[in-house]
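Have a look at the structure below before the remarks.
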Amino acid sequence: MEASGTGLKDVLDQIQLRKKRLQALVDIAEKSILSDENGKKPPAEVGSSFPMTYVWIALAWIIGGMIILYYIRVQYGGTIGGVSGLSMGLYSILALGFALMGVFYYLSRNKKVETFDLGEREKAAKKLIKEFYTPLENALENDDLEGLLSLADRLLEDPLLASAVEVTREGDPKVAAYALYLYVSYRRGKVPIEEVTTSLETVDNKPLRLLLETLLGEDKT
């Protein structure tokens, strides 16, 4: 039993798309690294010139002041010396300002982490192109079932390859390995089509999901 030619072409086209997407990630990362090496400085880290600890202390102090003023207004009819109303407004503005500083700090820090991870994603993308999608493409083109089984074994046994799948968001490596085992097992007549059908929803890698779908088309013919 072989997968239908039309369906297999869709799978191979999808693999090419995934490889191009990963290569684009590699190119972006390399340009970013090259820019840094050419002397472009990264954005200054928020909080380096004004320690964020002071921001949180000031914010806590301001909120505490607002609570005290609110208590005074409740206990003493709204004002003491006619200024508590003005003070509440001022405290509110200050509290909002310091809170926004804190939010901006965390957003900027998260952006910095994403930039740092770009180098890791570049390495993962290169590994995935070379050690997953290219062998997968070759095995499918040559109808090499043993090659598919070997690739499934690697997904489970090679932690670096499995990590590369996750870092590049190409799915769950364990589920990908299962999809390959299932495809080969069905082709060899060891599992019923119902098992393929019920497993489709769990496969989160698009090329492999399309690969299993070629078996459904074959079953209908």
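Read-outs throughout are calculated quantities, based only on the coordinates presented, and are distinct from any laboratory measurement. A quick note: this is a predicted structure, and the numbers were derived from the prediction, not measured. Reconstructed Cβ throughout: ideal geometry from the backbone, glycine too, with neighbour counts over all protein chains shown.
Quick look at the numbers
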{"read-out": "Theoretical FRET efficiency, 1/(1+(r/R0)^6), r = Cβ-Cβ of SER199 and ASN138, R0 25 Å, to 0.05", "value": "0.55"}
{"read-out": "Length added when fully stretched, ASP117-GLU30, from 0.36 nm per residue minus Cα-Cα", "value": "30.0 nm"}
{"read-out": "Length-normalised contact order of the stretch 116-221 in % [C-alpha pairs under 8 Å, at least 6 apart]", "value": "23 percent"}
{"read-out": "The stretch 8-28-the stretch 172-206 distance, computed between alpha-carbon centres (Å)", "value": "21 Å"}
{"read-out": "Using a Förster distance of 25 Å, the FRET efficiency for LEU156-LYS9 (Cβ separation, nearest 0.05)", "value": "0.30"}
